[in-house]
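Take a look at the structure set out below.
The values are calculated or read from the model by the stated rules, or taken from the named source; none is laboratory data. The structure displayed is predicted, hence computed values, not measured ones. Here Cβ is always computed from backbone atoms with ideal geometry, including for glycine, and neighbour counts include all displayed protein chains.
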Amino acid sequence: MRSLSFLLLALTGACASAGGGTRPAQTPAPASTETTSVARPQYPSTYVRHPNPPVLIRNATIMTATGQEIPNGSVLFKDGRIVAVGAKVDAPSDAVVVDGTGKYVTPGLIDDHSHLGVYAAPGTDAESDGNEATNPVTAEVWAEHSFWPQDPQIPLAIAGGITTIQALPGSANLIGGRSAILKLIPARTVQEMKFPGAHYGLKMACGENPKRVYGRRGGPSTRMGNMAGYRAAFILAEAYRRRWDAWNKDHKGDPPERNLRSESLAEVLRGNMYVQNHCYRADEMAQMIDLAHEFGFKIRSFHHAVESYKIADLLAKEGTSVSVWADWWGFKEEAMDGVQQNAALNQQAGGRPIIHSDDPGGIQRLNQEAAKAMYAGQRAGIPITRDQALRWITVNPAWAIGLDSIVGTLEPGKMADVVVWSGDPFSVYSKAVQVYNDGWLAYDRSDAAHQPRTDFELGEMPAPGSDR
Amino acid sequence: MIALLLAQTIAITGGTVYPVSGPKLANASVLIRDGRIVAVGRNVPIPPDATRIDAAGKWITPGLIDGAGQLGLVEISAVPGTRDASLQGDTIAASFNVAEGINPASTVIPVTRIEGITTALAVPTGNLVSGQAVLIDLDGATIEQMLVKSPVGVVADLSESAKDAAGGSRAAVAERLRGVFRDALEYERRKTDFSRAQMQALSASARDLDALLPVLHGRVALIAYANRRSDIETALRLATEFKLKLILAGAAEGWEVAAAIAAAGVPVLVEPLSNIPGYDALGIRYGNAGIMAKAGVKVALLEPDTHKSRNLRQQAGNAVSYGMTWDQALRAVTLSPAEIFGVADRYGSLEPGKVANVVVWSGDPFEFTTGVEHVLIRGKEIPLKSRQTELLERYKKLPPTY
């Protein structure tokens, strides 16, 4: 039963990347050919790796995000996997050799907070698909069902060195819905972009936004109302999970009634879905940690987390990462206490900082944002290393979406998401010149044949060209 | 005059000076007295009573000028009570001068100036004619002390966002502006008839028409926001028809008509890091500023987001990445905006006689590695403190001491 194996993949989050051949053994088929909707494929990934000859990049500075910066080093990848990283690597005879003299190589960048595709350009109401602002709890909606693969912002982010994103619902709702974890490649359908085996994220939001959106239409209108809203939803989900877990043991009798909202929350309670929590204020993050303890789940990352530096010790102890901007502040009251050292202070406290974009402009220069945050920390006397700052935009966000064993570093066996930079990626003057996604040359700044354009952009006269 | 309050001589010595008005000078000094620059060069005699700032190994530039944003006019974007940049209920708000809305105590000002931005345009927003923009220095206890020039220009919107104020069509935007301009000129000719109520109804209030007269006589600029190529061309057409001193702002598709903008001698205020296509500018691209500069357009670079004004130097660095020369980019955040705003006799370069807005950087001002070491505004050294540096100090070690 092929469908059942897909289901198990989705539920357990077993990581089976394309071409890896690591899919778990199939479970025995149920006796009956009748299935309930829950046992059928749930919008499965149809991602397949694009073929590419083996590639050897040599004579470059290799930044591995594992603590190494190798001058005059090489990276070899083949069939979507990194084969070797080091000072001297031999190329197979069929390899494309890229001269990296003067260039830098990093893992593909990962943005764990993007609204690409769900708030697509050109930004009219027709593309406004990120907030299902009809109910404060919409755990039943999935960002992938809004995602538009022809969003012209996608090629721009690819040209910035991004290889994987978490596309999130907006923050209007207490519980906004499931995220989509996507390989950032040109595609006709979102299914072709879905990262095989990735855990879904669940978007939750604290503070001003839900209050503002629902304050005059039924609530919540206060922060205490926000808390009551999360608790009510998870209380229902606990009962739902119990009913289904009991039925799944023996499949006796009719299955319980299916409820998409509780189904998402039950997955959080089972630990299969990661909570991605928009939350600005330190005191509110502490409340959310207590909420997670009450229901027995973990918050994987606090997003925006503008005041996380105030409770960096608490967050490090809890093992919750923080997905922050380098320097955004002041656009609303809960963002007033932003400091440029937020990521650095969390690093210093032993936490796991991530630089995220939440922005179609910022996603194109995540390296620059990490650079600003790193140097701001260093100037304040916080000893941030280049490797740590690189991890803020590679393996740390990979961890936040549960993929750090597959992507985020340059190590043999990892997926070949690789960026070649014109110079030091922490310089304002450097640009991504080649972007490989799963070993495939997704972008080449010097070759128009590898500069994808969306359908939306066709027919624009005159075309903006490769430097849009 | 305010600067004279602080009679003081300061010598910034031994750094690499980028005067902008001329080539860089290695191992040079800038001598400042009573708020003005009195000498710049390699062999400047330093008076014994001068306060010395050792700038060995440092870069010295004029203070950066951000020709956009609402510094002093907006404290918290989402809190209406702290926003003073828009006039409601008046489509033609030409007489609305934002100066008295400025809050010299805004916490956004120290956050911005300690990153090397010393001067900014405070720009009214909204409506078809938004009001009068003023130029301010980012220091001063009162509005009077901050003002550099008021008004710098009357702001009009010819972009997509102005259509509603004009009834829903770009054609109406242009025609409405023409009507108002004609009425202003007729009102000027027939003020007596107007006061006797012997004139047909005018398309804007008398005070707004009055405020447009300096624009129509070329004494005050019209700052026109336009992005689509055809809207830029409309702005150029209006400028020709009414002999306006035009400043284009936004100009996202300006690269497509760079030659025409250059031929018209019209300067442009542009944000380098904008490339997200929308129906107001499908041709938007990073290369815009560089292409226009290459075509001979006078370009000033912007960071239009008030709270991110400090990122003007990141904008400039990226303008270099996408086609401007480094020298062009530095000029585009110093002397060019000073020229465009009509204050180049006092601002924008390090030359004797100019107001001493000076920044000492640890290196290339556009690079992330670089920190600001000293900021002088009107010859006064600014403490490198803000609400954010105080938050950092409080929480650097946890738990904090309250």
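Quick notes on this structure:
- In region B:278-292, the qualifying residues are those that are outside any strand (DSSP E or B) and among the hydrophobic types (A, V, I, L, M, F, W, C), and the one that is nearest to the other protein chains (Cβ to nearest Cβ) is B:LEU282.
- Region A:92-114: number of residues that are touching a residue at least 24 places away in the same chain (Cβ under 8 Å) and surrounded by fewer than 17 Cβ atoms within 10 Å (Cβ to Cβ): 7
- Residue satisfying condition, being among the hydroxyl-bearing types (Ser, Thr, Tyr), touching a residue at least 12 places away in the same chain (Cβ under 8 Å) and more than 26 Å from B:GLY153 (Cβ to Cβ), within set B:THR91, B:THR107, B:THR119, B:THR112: B:THR107
- For B:LEU248: the one exception among (1) in contact with a strand residue (DSSP E or B) (Cβ under 6 Å, 6 or more places away or on another chain); (2) surrounded by fewer than 24 Cβ atoms within 10 Å (Cβ to Cβ): (2)
- Within region B:304-339, the only residue that satisfies the criterion of being of a type in the set (Gly, Ala, Ser) and touching a Pro at 6+ places or on another chain (Cβ under 6 Å) is B:ALA319.
- Single residue of region B:371-398 satisfying the filter (in contact (Cβ under 8 Å) with a residue 60 or more places away in the chain and within 14 Å of another protein chain (Cβ to nearest Cβ)) that is nearest to B:THR112 (Cα to Cα): B:SER386
- Residue in region A:39-57 that is farthest from A:LYS183 (Cα to Cα), counting only those that are in contact with a Gly (Cβ under 6 Å, 6 or more places away or on another chain) and not polar (S, T, N, Q): A:ILE57
- Qualifying positions in region A:317-339 - aliphatic (A, V, I, L, M) and within 7 Å of chain B (Cβ to nearest Cβ): A:MET336, A:VAL339
- For region A:303-316, a residue qualifies if it is more than 8 Å from every other protein chain (Cβ to nearest Cβ) and of a type in the set (Ser, Thr, Tyr), and exactly one does: A:SER308.
- Residues in region B:209-219 that are surrounded by fewer than 24 Cβ atoms within 10 Å (Cβ to Cβ) and touching a helix residue (DSSP H, G or I) at 6+ places or on another chain (Cβ under 8 Å): 3 in all.
- Among residues of region B:292-321, those that are over 13 Å from B:GLY67 (Cα atoms) and surrounded by fewer than 19 Cβ atoms within 10 Å (Cβ to Cβ), counted: 3
- Residue within region B:118-135 that is at pLDDT 95 or above, β-branched (Val, Ile, Thr) and part of a helix (DSSP H, G or I) present: no
- Strands (runs of 3 or more DSSP E) wholly inside region A:56-172 that include at least 2 residues being under 24 Å from A:TRP325 (Cβ atoms) and touching a strand residue (DSSP E or B) at 6+ places or on another chain (Cβ under 6 Å): A:104-107, A:109-114, A:162-167
- A:ARG258 being assigned to a loop (DSSP other than H, G, I, E, B) and charged (D, E, K, R): yes
- Residues in region A:193-230 that are polar (S, T, N, Q) and in a loop (DSSP other than H, G, I, E, B): A:SER221, A:THR222.
Conditions (1) within 14 Å of chain B (Cβ to nearest Cβ); (2) more than 23 Å from A:ASP99 (Cα to Cα), marked per residue:
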site	(1), (2)
A:GLY377	yes, yes
A:THR394	no, yes
A:ILE406	no, yes
A:ASP424	yes, no
A:VAL433	yes, no
A:GLY459	yes, yes
A:PRO464	yes, yes
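- Residue in region A:360-369 that is facing chain B (nearest Cβ under 9 Å) and surrounded by fewer than 22 Cβ atoms within 10 Å (Cβ to Cβ) present: yes
- Pick from region B:142-170, criterion more than 19 Å from the chain's Cα centre (by Cα) and part of a helix (DSSP H, G or I), ranking: farthest from B:ALA122 (Cα to Cα): B:ARG170
- Wholly enclosed helices (runs of 4 or more DSSP H) of region A:335-437 bearing at least 2 residues farther than 23 Å from A:ASP447 by Cβ and among the polar types (S, T, N, Q): A:342-348, A:366-379
- Any hit, region A:279-302, residues being within 11 Å of another protein chain (Cβ to nearest Cβ), surrounded by 23 or more Cβ atoms within 10 Å (Cβ to Cβ), charged (D, E, K, R) and in contact with a helix residue (DSSP H, G or I) (Cβ under 6 Å, 6 or more places away or on another chain): no
- Residue that is part of a strand (DSSP E or B) and of a type outside the set (Asp, Glu), where the choices are B:LEU384, B:LEU376: B:LEU376
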